[in-house]
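Beneath this line is the structure, given in structure tokens, with notes to follow.
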Amino acid sequence: MHHPKSFSLHAFSARALFALMVALGSAWSLPGFAANGLMATVPAPSIDAKSYILVDFRTGAVLAEKNADERVEPASLTKIMTVYAASHALKEGLIHLDDQVTISKKAWKMEGSRMFLEVGKTVSVDMLLNGIVIQSGNDASVALAEHVSGSEEVFVGLMNKHARALGMTNTSFSDATGLPDPNNYTTARDMAKLSAALIREFPDEYKRSSVKEFTFNGIRQHNRNRMLTRDATVDGIKTGHTESAGFCLISSAVREGMRVISAVMGTASDDARTESSYALLNYGYRFFETKQLYEARQVVAEPQVWGGAAEKVALGSVQPVWATLPRGRFKDVKAVAKLDEPIMAPVKAGQVLGKMVLNLDENEITELPLAALTEVPEGSLFSRLYDDVRLMLK
């Protein structure tokens, strides 16, 4: 019978745990320490907004939040999904940046923020994307939606399909622009997920978010995101505003290799959303840090294998491992491995052989699977019999 066996990893400390995040998909699959109760000793700034969230991009760790799962109106933050869905269409070859889009009467008649398209004229997909990202053009959003899917209604179905795939469980889109509608809602957490996906999957399209102005049809238009001029480390992402939604802003910045994303929903003014976002970003960088702990396939433990062609099996991570913690706390984390001993050959590469438990301040924070980095086939008949005798005498 196999029995769990525990032992402390003195040499690996905190790093051992994170090195064993085996076969996790995206960075957003990684558990965030702050989300599990490890908050910085200094509380987050007081933000007068309906809801907000601050996350680390690479690990998904939640650094601060308020009502992050409360349903709110996305307003023009909807256009982040419009760009994300269009970027998928570009990747799949369904559309191309140099496609010439004929502007429909519906797109031309759109109210609110516009890039001032003219009905019947043709505009490239490339320019429409600029109009959506930089100017937040409602007319550009509808024109692009019609080009991708034939109609805005069909495109909305595509938007909601992508939302479900990203795990945006509290989000529904009813149009490509973000106009007020009972079926157009989201949460701060879902907006942060979407923004991270855009940055991770489509970095070239995301770069448009940092462009401060562009000119179309002789009209010079400025990016509405004032964070781009307030903080040189900010490179996006999107503003949103309606009377019912309030002033919203998704921001992202990179300092010393650490990217964070803030989603501020429902503030009272443009100044308030800018100042709130700036305060959250500064808080994240001041009190948290993200580090790479192990490279892919770096061995962190080698327990004994019985009846195998090799005496030990290497355990570790199949991908690079990063973690986010309050500043100065990495040295205090203790990791304990719990293996299903004895480990018997054959062992397959990727086979889970136990788990690792992380403790900080005598509190169990989380646990992760341990997996074999290499296979260990069965040994010879003699070696198997020899190990069987050793196990009986153990």
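The values are calculated or read from the model by the stated rules, or taken from the named source; none is laboratory data. Everything numeric in this text was worked out from a predicted model, so none of it was measured. Here Cβ is always computed from backbone atoms with ideal geometry, including for glycine, and neighbour counts include all displayed protein chains.
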Looking at region 341-378, which of its residues are touching a residue at least 60 places away in the same chain (Cβ under 8 Å), closer than 20 Å to residue 391 by Cβ and in contact with a Leu (Cβ under 7 Å, 6 or more places away or on another chain)?
342, 354
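Residues that are of a type in the set (Val, Ile, Thr) and within 30 Å of residue 392 (Cα to Cα): which strands (runs of 3 or more DSSP E) entirely in region 298-381 hold 1 or more of them?
On the way: elements: 299-301, 321-326, 334-341, 352-360, 363-371.
Where strands (runs of 3 or more DSSP E) fall fully within region 298-381 and carry at least 1 residues being of a type in the set (Val, Ile, Thr) and within 30 Å of residue 392 (Cα to Cα), they are 299-301, 334-341, 352-360.
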Just for helices (runs of 4 or more DSSP H) wholly inside region 166-248: which have at least 3 residues that are farther than 22 Å from residue 152 by Cα, in the same structural domain as residue 68 (by TED's automatic domain parsing) and small (Gly, Ala, Ser)?
188-201
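Yes/no matrix, rows are residues, columns are (1) crowded, with 22+ Cβ neighbours inside 10 Å; (2) in contact (Cβ under 8 Å) with a residue 12 or more places away in the chain; (3) small (Gly, Ala, Ser):
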position	(1), (2), (3)
162	no, yes, no
171	yes, yes, no
176	yes, yes, yes
239	yes, yes, no
State whether the residues of region 337-348 include one that is surrounded by fewer than 18 Cβ atoms within 10 Å (Cβ to Cβ), over 19 Å from residue 41 (Cβ atoms), modelled with pLDDT of 95 or more and among the acidic types (Asp, Glu).
no
Scan region 126-149 and report the pairs whose first residue is surrounded by fewer than 22 Cβ atoms within 10 Å (Cβ to Cβ) and whose second residue is in a loop (DSSP other than H, G, I, E, B) and at pLDDT 95 or above, with Cβ atoms within less than 7 Å and a gap of 6+ or a chain change.
126/97; 126/98; 146/104
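Tell me the residue from 326, 303, 320 that is surrounded by 15 or more Cβ atoms within 10 Å (Cβ to Cβ), free of Cβ contacts under 8 Å to residues at least 40 places away in the same chain and either more than 24 Å from residue 204 (Cβ to Cβ) or outside the structural domain of residue 182 (by TED's automatic domain parsing) (or both), please.
Working: 326 fails: free of Cβ contacts under 8 Å to residues at least 40 places away in the same chain; 303 fails: free of Cβ contacts under 8 Å to residues at least 40 places away in the same chain.
Every option except 320 fails the conditions.
Do we have any residue at all in region 91-102 that's part of a loop (DSSP other than H, G, I, E, B), at positive phi and not polar (S, T, N, Q)?
Of the residues in region 91-102, the ones part of a loop (DSSP other than H, G, I, E, B) are 92-99.
Filter once more, so that each one left must be at positive phi: 93.
From what's left, not polar (S, T, N, Q): 93.
Within region 91-102, one or more residues are part of a loop (DSSP other than H, G, I, E, B), at positive phi and not polar (S, T, N, Q).
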